[in-house]
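**Q** My questions will all concern the structure given below.
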Amino acid sequence: MKTSTLKKLIGTTVASLCFVSVNGLPAVAGQLHNGWNYGIDSFIDGSGGESFNIRGIAIKETSDSVFVALTGGTPLKGVANSGAADGNIGWGDLFLNFTNKNFTTASSQKSLFGVRFAGTNDSQVATTGLYGNVKGVSVTNVNHGYNSLLQYYNAGFDKANTQGTDLATKASVYSYFGNGTILNVIDSGAKKLGDIGSLSATALQNQGLDFGFFKASGTQTMGFSLNKSDLGLADGNYDYIASIFLECGNDGVALKGKVDVPEPGSLAGLALVSLTVLGSRLSKRQS
Ligand SMILES: [Ca+2]
Ligand SMILES: [Ca+2]
Ligand SMILES: [Ca+2]
């Protein structure tokens, strides 16, 4: 086969891969840019200033991994604060809700997934990682925080996009979280499903992350990756809502998206295999 024919074939394969990937992206929610799905948070709803202000969340999926990125003013290891029991206020845990029920229902039924990615926070699970059978519990009371979401809103933070662009109104936030206790870390009864990989701002940038496109870059950008197979989902498309609050409840953000779990040996998988084979043939020919 001529090299030009091979190149054409590879071109076709790449085009069909892109087509598959476009179809796998969320249809309604989020703001898509360069393979990432973004939820941009209000810039003026961080109680206590920029150290406690989230600016955005973004999620990207590949065939086997899910990447999560966060940006704002809160460092991964939190901020020293004498009002907190452990002298520090930082990030809570990230929750993933695939149930199509609201957060409070999914939490009380222990049907959330959760990720502890901040190794020094007040999570009730011992180590960082992905967890299943998750219920949320609140640690706002030991982090100089809000007793309820109602109290947070009444303290002057009734702004647009307080839970990001996907839960833009207070009514939609109350409908999802209720207006009571802010459940912000994984409870101790959760089951560990797998480890996560920590990702620096540079590593995320290399994955195409660009909060700057939305003028939403914070001074702190961090993230992690998890293995899709650790979620234990059968092949199919799954809508989810991802959400996170700081330990004090001083800010939070949510994102609606879709995860595609491919069937083993599916079209995308086969296309990827043939692309790899063709690519290696081509490079052999050229060498
Ligand atoms: Ca914010
Ligand atoms: Ca703390
Ligand atoms: Ca917020």
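Per-residue answers, yes or no, for (1) among the hydroxyl-bearing types (Ser, Thr, Tyr); (2) at pLDDT below 95; (3) within 16 Å of ligand 2 (Cβ to nearest atom):
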| position | (1), (2), (3) |
| --- | --- |
| Val14 | no, yes, no |
| Pro26 | no, yes, no |
| Tyr38 | yes, no, no |
| Ala58 | no, no, no |
| Ala69 | no, no, no |
| Ala80 | no, no, yes |
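**Q** Right, another one. Say we look at the stretch 100-119 and pick out the residues that are buried (at least 18 other Cβ atoms within 10 Å of the Cβ) and without any contact (Cβ under 8 Å) to a residue 60 or more places away in the chain; which of these is nearest to ligand 3 (Cβ to nearest atom)?
**A** For the stretch 100-119, the residue satisfying everything is Ala118.
**Q** Further, regarding this structure: Restricting the search to the stretch 206-260, which residues are without any contact (Cβ under 8 Å) to a residue 24 or more places away in the chain and open to solvent by 50 Å² or more (accessible area, probe 1.4 Å)?
**A** Answer for the stretch 206-260, where residues must be without any contact (Cβ under 8 Å) to a residue 24 or more places away in the chain and open to solvent by 50 Å² or more (accessible area, probe 1.4 Å): Asn206, Lys215.
**Q** Hey, could you check the stretch 120-136 for residues that are more than 10 Å from Asp93 (Cα to Cα) and without any contact (Cβ under 8 Å) to a residue 60 or more places away in the chain and say which is least open to solvent (accessible area, probe 1.4 Å)?
**A** Taking the candidates together, the pick is Val134.
**Q** For residues that are in a strand (DSSP E or B) and open to solvent by less than 40 Å² (accessible area, probe 1.4 Å), tally how many sit in the stretch 153-195.
**A** Going through the stretch 153-195 one residue at a time, the tally reaches 5.
**Q** Still on this structure, please answer the following. So, of the residues in the stretch 47-66 that are open to solvent by 20 Å² or more (accessible area, probe 1.4 Å) and closer than 17 Å to Phe211 by Cα, which turns out to be farthest from ligand 3 (Cβ to nearest atom)?
**A** Filtering first and then ranking leaves Glu61.
**Q** Would you please name the residue that is surrounded by the fewest Cβ atoms within 10 Å (Cβ to Cβ), looking only at residues in the stretch 67-87 that are farther than 20 Å from Leu183 by Cβ and more than 16 Å from ligand 1 (Cβ to nearest atom)?
**A** Ranking the qualifying residues of the stretch 67-87, first place goes to Ser82.
**Q** For the list (1) touching a Pro at 6+ places or on another chain (Cβ under 9 Å); (2) more than 14 Å from ligand 2 (Cβ to nearest atom), I need the number of the one condition that Ile54 fails.
**A** With (1) touching a Pro at 6+ places or on another chain (Cβ under 9 Å); (2) more than 14 Å from ligand 2 (Cβ to nearest atom) applied to Ile54, the lone miss is (1).
**Q** Which of the residues spanning the stretch 56-66 are out of contact with any helix residue (DSSP H, G or I) (no Cβ under 7 Å at 6 or more places or on another chain) and within 11 Å of ligand 1 (Cβ to nearest atom)?
**A** Ile57
**Q** A further question follows. Please pick out the residue among Leu193, Leu130, Leu150, Leu204 that is of a type in the set (A, V, I, L, M) and within 18 Å of Asp251 (Cα to Cα).
**A** Every option except Leu150 fails the conditions.
**Q** Here's another thing I want to ask about it. Those residues that are open to solvent by 20 Å² or more (accessible area, probe 1.4 Å) and within 16 Å of ligand 3 (Cβ to nearest atom), I need them from the stretch 137-147; list them, please.
**A** Hits for the stretch 137-147 are Gly145, Tyr146.
**Q** Please count how many residues of the stretch 196-205 are open to solvent by 40 Å² or more (accessible area, probe 1.4 Å) and outside any strand (DSSP E or B).
**A** 4
The values are calculated or read from the model by the stated rules, or taken from the named source; none is laboratory data. Quantities reported herein were computed from a predicted structural model and do not represent experimental measurements. Reconstructed Cβ throughout: ideal geometry from the backbone, glycine too, with neighbour counts over all protein chains shown. Just the protein is used for accessible areas: all its heavy atoms, side chains included, with ligands, DNA and RNA removed. Shrake-Rupley method; radii C 1.70, N 1.55, O 1.52, S 1.80 Å.
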